[in-house]
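The values are calculated or read from the model by the stated rules, or taken from the named source; none is laboratory data. Just so we're clear, the structure is a prediction, and the values are computed from it rather than from any experiment. Glycine also receives a Cβ, built like all others from the backbone with ideal geometry; neighbour counts cover every protein chain displayed. Ligands, DNA and RNA are stripped out before the accessible areas are found, and what is left, the full protein with its side chains, is counted by its heavy atoms. Shrake-Rupley method; radii C 1.70, N 1.55, O 1.52, S 1.80 Å.
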Amino acid sequence: MTDLDSFIRALPKAELHLHIEGSLEPELMFALAERNGVAIPYASVEDVRAAYAFGNLQDFLDIYYAGADVLRTSQDFHDLAAAYFDRATADGVVHAELMFDPQTHTDRGIPFAMVVEGLLSAMADAQARHGISSALILSFLRHLSEEAAFATLAAADPWLDRIAAVGLDSSENGHPPEKFARVFAAAAAKGLRLTAHAGEEGPPAYVYQALDLLHVDRIDHGNRALEDDALVDRLVREGMTLTVCPLSNLKLCVVPDLADHPIDRMLDLGLRATINSDDPAYFGGYIADNYRAAAAARGLTRAQLVQLARNSFIGSFLPADAIAAHLERLDAHL
Ligand code: HPA
Ligand code: ZN
């Protein structure tokens, strides 16, 4: 391990953009398929990894939703999240905000309660075992209807005190944020924070809609905001956090090569960019791998890496006093 590797791993950081279903490693997929008697269309772990070549977001989503079919019980969701927390802790993550896609499961007959109880028990264990704090972000699938999103929000009612925010993910093009303006307003009225994927494949107009119609607290990805100078100025002025995912951007062809990744340009423009792993099992790396790959490809300085870690706490959904404590600990670490 090089000095820079150890520096990155040791840097206290928050992960703000992680789909827990996207942390399903092929080995666990096989183990759960066997445990639950579910057939999967792969002969081996190598076979699974070979299928992970994506030309765009939809190519990935098709495989990601199929993989999630092995998740059947609370214990499965617990084991999935426990494996993520072990990896995140090894990468210096001290706070993680986990997105989960209830509709991927409820539409297959898995009750909402089973999903959320498994995740919550792993979160409590991770706090006890590793001292890592975490929060849940309920993500609506944007290729489904507004009505289905409202039903999902209603299903979450018994757990609202243990869900920090709602998000919006899945196929972006053709499913603009405006489709979910009313359900986001209803979530805000219940006291939930708001985030949405925007500007990953979709145009800058979708980022404007996330700001103006959904009133989000942060933007997931946001890469294509860079095409619009006025939008960039606004994101800077409003201190909007962007949860950027370099290896995801590479694997989903949002950038042709990591050498072209705009992470340092975002920082230079004054954008509150962060680095995250998105779907680490599918995109070839957890958060430290993302920091490392971006640093290598773009020659990021240690000061820039520290800025990214600072931004991750500032952009989190933690209360202000907890954010201040994390920033103090980060300074003390340095
Ligand atoms: N984009 C949209 N939806 C997703 C993603 C993503 O990167 N990962 C999991 N669901
Ligand atoms: Zn994502």
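Structure data summary
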| item | result |
| --- | --- |
| Residues of segment 1-35 classified as more than 16 Å from ligand 2 (Cβ to nearest atom), assigned to a loop (DSSP other than H, G, I, E, B) and over 26 Å from Ile323 (Cα atoms), total | 3 |
| Looking only at segment 265-302, and only at residues there that are open to solvent by less than 30 Å² (accessible area, probe 1.4 Å) and among the charged types (D, E, K, R), the one that is farthest from Val236 (Cα to Cα) | Asp279 |
| Tally of residues being within 16 Å of ligand 1 (Cβ to nearest atom) and of a type in the set (Asp, Glu) across segment 176-204 | 2 |
| Residue among Leu226, Leu168, Leu214 that alone is hydrophobic (A, V, I, L, M, F, W, C) and closer than 17 Å to Arg272 by Cβ | Leu226 |
| Cβ pairs under 9 Å, 6+ apart, first in segment 98-123 and modelled with pLDDT of 95 or more, second among the charged types (D, E, K, R) and assigned to a strand (DSSP E or B) | Leu98/Glu15; Met99/Asp169; Met99/Asp220; Asp101/Asp169 |
| Among the residues listed as Val38, Val48, the single one being in contact with a helix residue (DSSP H, G or I) (Cβ under 7 Å, 6 or more places away or on another chain) and assigned to a helix (DSSP H, G or I) | Val48 |
| Subset tally (residues that are open to solvent by 10 Å² or more (accessible area, probe 1.4 Å), within 16 Å of ligand 1 (Cβ to nearest atom) and either not in a helix (DSSP H, G or I) or not polar (S, T, N, Q) (or both)) for segment 89-128 | 1 |
| Residue tally, condition among the aromatic types (Phe, Trp, Tyr), under 22 Å from the mean Cα position of the chain (by Cα) and open to solvent by 50 Å² or more (accessible area, probe 1.4 Å), over segment 18-64 | 0 |
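Yes/no per residue for (1) within 16 Å of ligand 2 (Cβ to nearest atom); (2) over 15 Å from the mean Cα position of the chain (by Cα):
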{"residue": "Glu238", "(1), (2)": "no, yes"}
{"residue": "Thr241", "(1), (2)": "yes, no"}
{"residue": "Val255", "(1), (2)": "yes, yes"}
{"residue": "Met266", "(1), (2)": "no, yes"}
{"residue": "Ala281", "(1), (2)": "yes, no"}
{"residue": "Arg292", "(1), (2)": "no, yes"}
